[in-house]
Amino acid sequence: MGVLGQACLLTALGLSVYGAGASLYGAAPGRERWVVSGRRSLYALFAVVALAFLLLEIAFVTSDFTFPVVAGQSSLTTPWYYRIAAAWATQEGSLLLWLLLLSGASSLAIFSVRGRMRDVTPYATAVLLGLGAFFAAVLFFTASPFERVAVGPADGLGLNPLLRHPSVLIHPIFLYGGYTLFSVPFAFAIGALIVRRVDAEWIRATRFFTLTAWLLLGTGILLGARWSYAELGWGGYWAWDPVENASLLPWLVGTAFLHSAMIQERRGMLKVWNASLILATGVLCILGTFLVRSGILDSIHAFVQEGNTIAWAFTSLIVVMTAGAVYLVVTRASDTLRSDARIDSLLSRESMFLANNVTFVSITFVVFLGTFYPLITDALGEKRALGPPWFDDYIVPFVLVLVLLSGIGPVIAWRRSTPSRLWRSLRVPALAGIAVLVLGPLLTRAEESPLSLAMFALGTFAIGTGLQELYRGMRARQAMTGESPPLALAGVVRRNRRRYGGYLVHIGISVMFIGVAASTAFQHERDVRLTPGQSAKVGGYTFTYERPIARIAQRAGELERIALGSRVRVERDGKLVTVLRPERAYYPINAPMMGAISRYFEGNATSEIGLKAGLRRDLWIAEQPDIATLQPIIKAGDKVFADARGDLTARQRGDFLGVALGGLVNRYRTSEPPGQFRILVSPLVTFLWLGALFSLAGGLLAAWPEPGMLRGRVRAGYAARLAQELRRA
Amino acid sequence: MDPARKRRIRLVVALSAALLLSGALAYTTFNSSSSAVTPSGLLASASAAKSYQLTGKVVAGSIERKGAGMDFRVRDRDGTASVPVSYTGTVPDPFKEGREIIITVRKQGATYVGEKDTLTTKCPSKFTDQRQAGGAAVS
């Protein structure tokens, strides 16, 4: 299987190189057959990589530990769904997943435009196959998942317990899906620039891929945030960690492109912006992939050892992509990318989109500077680092501007508007925003955080604009068709998915930012040490540590982990609100020389938080149990098992271990141990997740093909084929 | 004025403003940042007036939990020079001996006090040489 896998990688490399060359050669007139050959190479690449990935998954699912990648991430007791996901928990597997998604997305894209843009498509195909060749080469020469050993271990190390969460299982698929799908508009932009194509057909042809990329990447980022909040023991969802930022950078620039592209489609403007934005998005996607496996930045996510050779390969690719992109934009700026029209007025939709671009690029610049600051300052002589407060200070004002623009942009007129016309369009949502600004301090503590109050007001304004447009569209359709409001709304949304999907996204994003502002500025937090019976007051709630809890979890007949925690009663004004059960799960380390009992406490530990989510506030608690009283028992148990090592069969050892651990957890329950608790009462956190769902729903709606679009594509394909046949005749 | 000339002037003004703002950002950022150092760097020249972002590995056997806080030692990634750290705040789940951490500290006497909630532990390396997982290599 290993040999077959290696053969697949080599074939993938060969197909990519051949296909890229054939496509480039076929770009000249009269060489259509080479273009077709290049296209078929792409399809074949996808098939071969899919086979390679299948082989890898078979190795994981069947626990073939002669593959070190399998032994390092999986084990006999790992559930089947974690075994499947463990394939992309490794450097090698994640690169193979990247190549699989890239070849799949590229095949779909090139298939969807076959017969169209005959001048652009060969170059786009060549770029996509060039990227494929890069990843295939890295896999084959330096990071093959199909290396084997002669004799594998009896059991593997298992998946890191921190990764055993549904969000993080699928988080890489969404991230890489976003990165690879953004390669499609990137490649077509390169092709359009090379052939000096002035129109926006390449934007229209790749819009589905751009939107889907944006959706997938955004979902991947949010899954990471959710995992951080619900699984890790610090209570936050975003830490401005370098690798978090690396996935945010292409999303920011990609969002700017999605908006700005509309201006080029409608009025032939902002061409330099659009080309620059999508080329930057493509480069930043590769940069994001690179950062997580480079080790060049200190990060919680920096998964790499020193002397990693693929860092040099990625650096070279990024340099080539950046240089090529800059060259194309600069040399085409004065002709191909010349705007067809000018901005007529500062009060116009075109101006708002330009301001939108500037704001997104500014945020991107700040995030980029903050992320790479240690590298930049290290090169200048003294390495320095920036913390989360710096990012918050510089980014929040820009985000406020973005939310304001998201409220104005959809309603302001094209070409030219006037203050009175604008006020007429926006007065209801504007008044709602002003009401929040005035009433907020009177009804809440919002005045304690002026920036948060501004976000509440602007968010209300933007949500109001979105709802107003939905209402206006519904009323207009009702006037024409006489339908009931729900049917009219469904009808108008169905016929204008892109527009109404966009409104839903704007509403969702504003809801998210309101949640972020409230949960950041008005969170109550307390770190406290409690013994059973003691209470702590946090944010108007009383948290009482009632008693310790302890249990042993088994899987497939094996002892998987020990969980020690507490039962915590939460009350407000004397009434029971909920009971929370924070725990700490201790997973054993696979080290035969370590003590039989202590290996459970020397391995990995994860916080299982207690969470009561609500629309108005979340109650969140994590515990670090004090196991000091257990240490003498653990040491004594280790000695007993060490002394009896040769006298017990494996079965007896397992049985006695179960009894010993059972006794240990009983001791924990009865010894009234103290616990170190982190307690958070966070207002409106649920708005973040709800807003995310609205945004994703809106994105899905906008990306969904319009009715008749598929028929139109098929007709266009047939028309192109007919034209081809007629030319031959 | 010729519209083309007007546009050129606007572009120059906008680019100059962007350049100035970027420069101002870079300059003010320096004052908000902390020196990123290793334990040997701290030992060589740490000042009580400044905060430092310390990166290193937790020394085996050095962790002592004391109530709400804990003391431990941090050593150079590839060396033995180490410094004592005292910390109170969120302890990340992966934190343990031998793991690489990042923490913001200030010098207080002979020890370094970690700022609350600045302790980050790097996830154990996923992208290691997988042959470490066991077994003999195929020749």
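The values are calculated or read from the model by the stated rules, or taken from the named source; none is laboratory data. Nothing here was measured: the structure is a model prediction, and the numbers come from that model. In this analysis, Cβ positions are derived from the backbone assuming ideal geometry, glycine residues included, and neighbour counts consider all displayed protein chains. Only protein heavy atoms, including side chains, enter the accessible area calculation; ligands, DNA and RNA are left aside. Shrake-Rupley method; radii C 1.70, N 1.55, O 1.52, S 1.80 Å.
Among the residues of A:618-627, the average count of other protein chain beta-carbon atoms within 10 Å of the residue beta-carbon is 1.
On the beta carbon distance between residue A:643 and residue A:80, with R0 = 30 Å, the FRET formula returns roughly 0.20.
Per-residue shielding of A:231-237, expressed as the average number of other chain Cβ atoms within 10 Å of the residue Cβ, stands at 3. For the stretch A:1-160, the spread of Cα positions along the three principal axes, ordered from largest to smallest, is 60, 27, 18 Å. What the Cβ-Cβ distance of residue A:201 and residue A:414 gives, at R0 = 25 Å and to the nearest 0.05, is a FRET efficiency of 0.75. Based on the convex hull around the alpha carbon atoms, the stretch A:322-369 presents an average projected area of 4.5 nm².
Could you report the buried accessible area between A and B, both sides summed, computed with a 1.4 Å probe and given in Å² to the nearest 100? Walk me through the numbers before you get to the answer.
Numbers: alone 32740 and 9590 Å², together 37990 Å².
For A against B, buried area totals roughly 4300 Å².
Partner shielding of B:90-103 amounts to 5, given as the average count of beta-carbon atoms from other chains within 10 Å of each residue beta-carbon. The angle between the Cα long axis of helix A:242-267 and the main principal axis of chain A comes to about 20°, on a 0 to 90 degree scale. The distance between label points at residue A:7 and residue B:2 comes to 6.9 nm (points 7 Å beyond Cα on the Cα→Cβ vector). Shape analysis of chain B based on the Cα gyration tensor places the equivalent ellipsoid semi-axes at 43, 25, 14 Å, largest first. Rg and Dmax of the stretch A:576-718, based on Cα coordinates, read 26.2, 80 Å. Between the helical axis of A:419-443 and the longest alpha-carbon principal axis of chain A there is an angle of about 20 degrees. Each peptide in A:374-381, B:53-60 was scored by the mean count of other Cβ atoms within 10 Å over its residues; highest first, the order is B:53-60, A:374-381. Excluding ligands, DNA and RNA, the accessible surface per residue across chain A is 42 Å² with a 1.4 Å probe.
When the Cα positions of A:14, A:48, A:112 are compared along the charge dipole of the stretch A:1-160, A:112 comes out farthest toward the positive end, with charges on each C-beta of Lys, Arg, Asp and Glu.
Taking R0 as 22 Å, what's the FRET efficiency between residue B:50 and residue B:21 from their Cβ-Cβ distance, rounded to 0.05? List each step's numbers first, then the result.
Details: r = 27 Å, r/R0 = 1.24.
Calculated transfer efficiency: 0.20.
Largest GNM mean-square fluctuation among B:52, B:27, B:87, using chain B with Cα springs under 10 Å: B:27.
In degrees, nearest 10, range 0 to 90: what is the angle between the Cα axis of helix A:388-408 and the longest Cα principal axis of chain A? With both axes taken from Cα atoms, the answer is about 40 degrees.
Arrange the residues A:704, A:238, A:227 by how much accessible surface each exposes, largest first, with a 1.4 angstrom probe.
On the way: A:704 150, A:238 65, A:227 30 Å².
Order by accessible area, largest first: A:704, A:238, A:227.
Where only DSSP H runs of four or more residues are counted, chain A gives -22000 deg cm²/dmol as its mean residue ellipticity at 222 nm, each run worth -39500 (n - 2.57).
For chain A, the relative contact order works out to 11 percent when only alpha carbon pairs closer than 8 Å and six or more residues apart are counted.
Number of Lys-Lys pairs in chain B with C-alpha atoms under 25 Å apart and a separation of 8 or more places or on different chains: 19.
Average the reciprocal distances over every distinct pair of alpha-carbons in the stretch B:32-114, invert the result, and give the Kirkwood radius in Å. Before the final figure, lay out each step's value.
Numbers: mean 1/r = 0.0790 Å⁻¹.
Computed over the stretch B:32-114, the radius equals 12.7 Å.
Calculation over all alpha carbon pairs of the protein assembly as shown in 10 angstrom steps from 0 returns a P(r) of 2, 11, 19, 23, 21, 14, 7, 2, 0, 0 percent.
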